[in-house]
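A quick write-up on the structure given underneath.
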Amino acid sequence: SAVISQKPSRDICQRGTSLTIQCQVDSQVTMMFWYRQQPGQSLTLIATANQGSEATYESGFVIDKFPISRPNLTFSTLTVSNMSPEDSSIYLCSVVQGLLATNEKLFFGSGTQLSVL
Amino acid sequence: GQQLNQSPQSMFIQEGEDVSMNCTSSSIFNTWLWYKQDPGEGPVLLIALYKAGELTSNGRLTAQFGITRKDSFLNISASIPSDVGIYFCAGQPSNNAGNMLTFGGGTRLMVKP
């Protein structure tokens, strides 16, 4: 399985500031995603990070708030902009390996625990 | 969008007991994945299922892809304290052209030594 390195692992930030989270994969992957996990909740997809083009955002998430970069097939960043306490969550990078509906698997990084004061 | 109903929400069991949890949906799914998440960590993939009726084991864990393609269960036999964590099911709906997964709400497992 892919080894996914995510940093920072945790951070405490002041409201109104921005934080950029990095995700590095040890192999080239086509599909990379960013998820949010609010306290005590399940995982919600923020966006698909597309290499060389703008990310595809899910309903309720916008580029101005969560800008995403994907400069190559092994790296992506997620920025949480103009943070408020409601943004306190775990943010997770994930990648797909395998063939759709055949043997594809979704792997996660260890997550970034964000607390906004 | 599609919803996955995962139950139970939490379980508090004695060490050595068997555990069963399941996910159901009104939609048909092509893929079912089961994850375990420890505190402060990302979810770790336990078992992946790709065919209706498929039964797959990983050590003390067994999962099945329901024959109707609308459900899946995960069993843990002879639980031990390190089984503690949150278990998530995830599925890929059949009408989803991409790789996006829908996640269940999670089952929090607590094991009493």
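Where a number appears in this text, it was derived from the coordinates with a stated rule and is not lab data. Everything quoted here is computed from the prediction, not taken from an experiment. Methodologically, a virtual Cβ is constructed for each residue, glycine included, from the backbone with ideal geometry; neighbour enumeration extends over all protein chains shown.
If amide hydrogens are placed 1.01 Å from N in the peptide plane, which non-local residues have theirs closer than 5 Å to the one on A:Asn50?
When sequence neighbours closer than 5 places are left aside, the close amide H contacts are A:Ala55, A:Thr56.
Once each part is reduced to its C-alpha centroid, what is the distance from the stretch B:60-113 to the stretch B:15-57 in angstrom?
2
If you plug each phi of the stretch B:36-41 into the Karplus form 6.51 cos²θ - 1.76 cosθ + 1.60 with θ = phi - 60°, what whole-Hz ³J(HN,Hα) values come out, in order, with x for Gly and Pro?
For the stretch B:36-41, the Karplus-derived couplings read 10, 10, 8, x, x, 10 Hz, x marking Gly and Pro.
Any aspartates and glutamates with Cα under 19 Å of the B:Lys112 Cα? List them, leaving off those in the same chain fewer than 8 positions away.
List returned: B:Glu15, B:Glu17, B:Asp18, B:Asp38, B:Asp83.
Peptide B:35-45: average number of partner chain Cβ atoms within 10 Å per residue?
Values: counts 4, 0, 7, 1, 1, 6, 8, 15, 12, 4, 5.
What the average comes to for B:35-45 is 6.
State the answer as a single residue: which of B:Ala52, B:Gly85, B:Thr107 lies farthest towards the positive end of the charge dipole of the stretch B:13-113, with beta carbon charges of +1 for Lys and Arg and -1 for Asp and Glu, about the Cα centre.
B:Ala52
Mind checking the mean number of beta-carbon atoms from other chains within 10 Å of the Cβ atoms in A:106-115?
Details: counts 11, 5, 7, 3, 6, 5, 1, 3, 0, 0.
Mean number of neighbouring Cβ atoms from other chains: 4.
What average count of beta carbons from other chains do you get within 10 Å of the Cβ of residues in A:42-51?
Values: counts 13, 11, 1, 5, 0, 0, 3, 0, 0, 0.
Mean inter-chain Cβ contacts per residue within 10 Å come to 3.
A:Cys13's amide H: which non-local residues (gap 5+, or another chain) put their own amide H closer than 5 Å, with H modeled 1.01 Å from N in plane and none for Pro or chain starts?
A:Ser115, A:Val116, A:Leu117
Residues with amide H under 5 Å of B:Ser94's amide H, sequence separation 5 or more or different chain, H placed in the peptide plane at 1.01 Å from N; which?
Distant-sequence amide H within range of B:Ser94: B:Ile28, B:Phe29, B:Asn30.
Roughly what % of Cα-Cα distances in the stretch A:8-53 sit above 14 Å, to the whole percent?
Values: 691 of 1035 pairs.
The share of Cα pairs beyond 14 Å in the stretch A:8-53 comes to 67 percent.
About the Cα centre of the protein assembly as shown, what is the dipole size in debye to 20, counting +1 per Lys and Arg Cβ and -1 per Asp and Glu Cβ, all else neutral? Numbers along the way, then the final one.
Values: 14 positive and 16 negative charges, 22 e Å.
Roughly 100 debye, rounded to the nearest 20.
List B:Thr31, A:Thr48 from most exposed to least, where exposure is judged by having the fewest other Cβ atoms within 10 Å.
Working: B:Thr31 27, A:Thr48 19.
In increasing order of surrounding Cβ atoms, one gets A:Thr48, B:Thr31.
Taking the Cα centre of the stretch B:31-87 as origin, sum charge times position over the Cβ atoms of Lys and Arg (+1) and Asp and Glu (-1), and report the length of that vector in debye to the nearest 20. All intermediate terms of the calculation are to be shown ahead of the outcome.
On the way: 5 positive and 5 negative charges, 48 e Å.
Once rounded to the nearest 20, the dipole reads 240 debye.
Between A:Thr30 and B:Leu45, what is the spin-label point distance in nm, taking each point 7 Å from the Cα along the Cα→C-beta axis?
Rounded to a tenth, the inter-label distance reads 1.5 nm.
Among the lysines, which have Cα under 27 Å from the Cα of B:Lys51 when same-chain residues fewer than 8 positions away are ignored?
A:Lys105, B:Lys36, B:Lys70
Given a Förster distance of 35 Å, report the FRET efficiency between B:Glu54 and A:Asp11 from their Cβ-Cβ distance, rounded to the nearest 0.05.
Numbers: r = 41 Å, r/R0 = 1.17.
Calculated transfer efficiency: 0.30.
Taking the convex hull of the Cα atoms, report for the protein assembly as shown its projected area averaged over all directions, in nm².
Details: hull surface 48.5 nm².
Result: 12.1 nm².
Among the Cys residues of chain A, which have no other cysteine Cβ under 4.7 angstrom away?
If one checks each Cβ against the other cysteines of chain A, A:Cys13 turn up with nothing under 4.7 Å.
Residue by residue through the stretch B:43-52, what is 3J(HN,Hα) from phi via Karplus (6.51 cos²θ - 1.76 cosθ + 1.60, θ = phi - 60°)? Round to whole Hz and write x for glycine and proline.
Values per residue, Gly and Pro as x: x, 10, 5, 9, 8, 10, 10, 10, 10, 4 Hz.
For A:Glu54 paired with B:Ser94, estimate the spin-label separation in nm (one decimal), with each label point 7 Å from Cα along the Cα-to-Cβ line.
Output for this residue pair reads 3.4 nm.
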